1. Taking +1 at the Cβ of each Lys and Arg and -1 at the Cβ of each Asp and Glu, which of Q94, P23, I129 sits farthest along the dipole of the chain towards its positive end, judged by Cα position relative to the Cα centre?
2. About the Cα centre of the chain, what is the dipole size in debye to 20, counting +1 per Lys and Arg Cβ and -1 per Asp and Glu Cβ, all else neutral?
3. Limiting things to C-alpha atoms, what are the Rg and the maximum Cα-Cα separation (Dmax) for region 28-132, in angstroms?
4. Distance in nm between label sites at K27 and V102, each 7 Å beyond Cα in the beta-carbon direction?
5. Considering only DSSP states other than H, G, I, E and B, which GluC sites (Glu not before Pro) in region 9-106 qualify as loop sites with at most 16 other Cβ atoms within 10 Å?
6. Which whole-angstrom value gives the distance between the alpha carbon centres of region 1-56 and region 113-177?
7. Report the Cα-based extents of region 1-63 along its three principal axes, largest first, to the nearest Å.
8. Quick one: grab Rg to one decimal and Dmax as a whole number for the chain, Cα atoms only, in Å.
Amino acid sequence: MRIISGLLKGRIFRSPGGKRTHPMSEKARGAIFNTLGDIKDLSFLDPYAGSGAIAFEALSRGAKNVVAIDVDKKAYRSIKESAEGLGVDEKEFQVVKMNCKVWSNTNSARKFDVIVCDPPYDDIRPDVIRQLARHMKDTSTFVLSYPGSEEPLDIQGFKPVKAQKYGDIQLIFYKSN
């Protein structure tokens with residue numbers, strides 16, 4: 001896999017492989033960051049990091065503090081190895097091996113400018129996605145990668161402002177009411 005744009009543009013990173021992760025296509029990743037616009041110096045949460053593609057792209061495009069969370073041991077190890085290979089500064093890029101719900105419970109006061117949720121489609125937990133939204137600042141953007149056949153998830157206190165379909169997925173962008 002490769003980073004699309006920014007400081008690390010064109011650099012290659014590993015994907016853990018297997019069936020537990022579904023790396024997002026470059027087209028969908030590009031759409032997220034084109035819609036977000038300038039993310040320089042913003043804080044960024046990727047609670048279902050998988051390959052780390054979203055988190056690495058955010059860092060490459062200037063996010064100042066990126067947290068990538070994944071419960072899967074292979075995914076965690078892959079992200080850590082890729083971060084080392086890319087020469088990523090640990091002060092700017094934190095990799096956490098933990099269930100994102102547990103992380104959220106133990107870091108309830110932590111807030112981010114951008115949150116991108118790309119949960120495994122075979123085990124979507126709307127309650128956890130809604131819980132993760134509490135980590136948004138008042139001006140934050142919450143992006144959800146969701147099956148294209150489903151209606152946008154209702155997240156109390158937030159409204160969907162844009163939805164884009166890419167094959168069998170849709171990207172839903174939320175802002176606070």
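1. Q94
2. 200 debye
3. Answer for region 28-132, Rg first and Dmax second: 12.9, 36 Å.
4. Distance between label points: 3.7 nm.
5. Details: sites: E26, E57, E81, E84, E90, E92; in loops: E90, E92.
In loop regions of region 9-106 (DSSP not H, G, I, E or B), the sparsely surrounded GluC sites (Glu not before Pro) are E90, E92.
6. 16 Å
7. Taking the Cα atoms of region 1-63, the three principal extents are 33, 23, 17 Å.
8. 14.7, 41
Only the coordinates and a few stated rules stand behind these numbers; no lab work does. No experiment lies behind these values; they were computed from the predicted model shown. Neighbour counts are summed over all protein chains in view; Cβ atoms, including those assigned to glycine, are modelled from backbone coordinates with ideal geometry.
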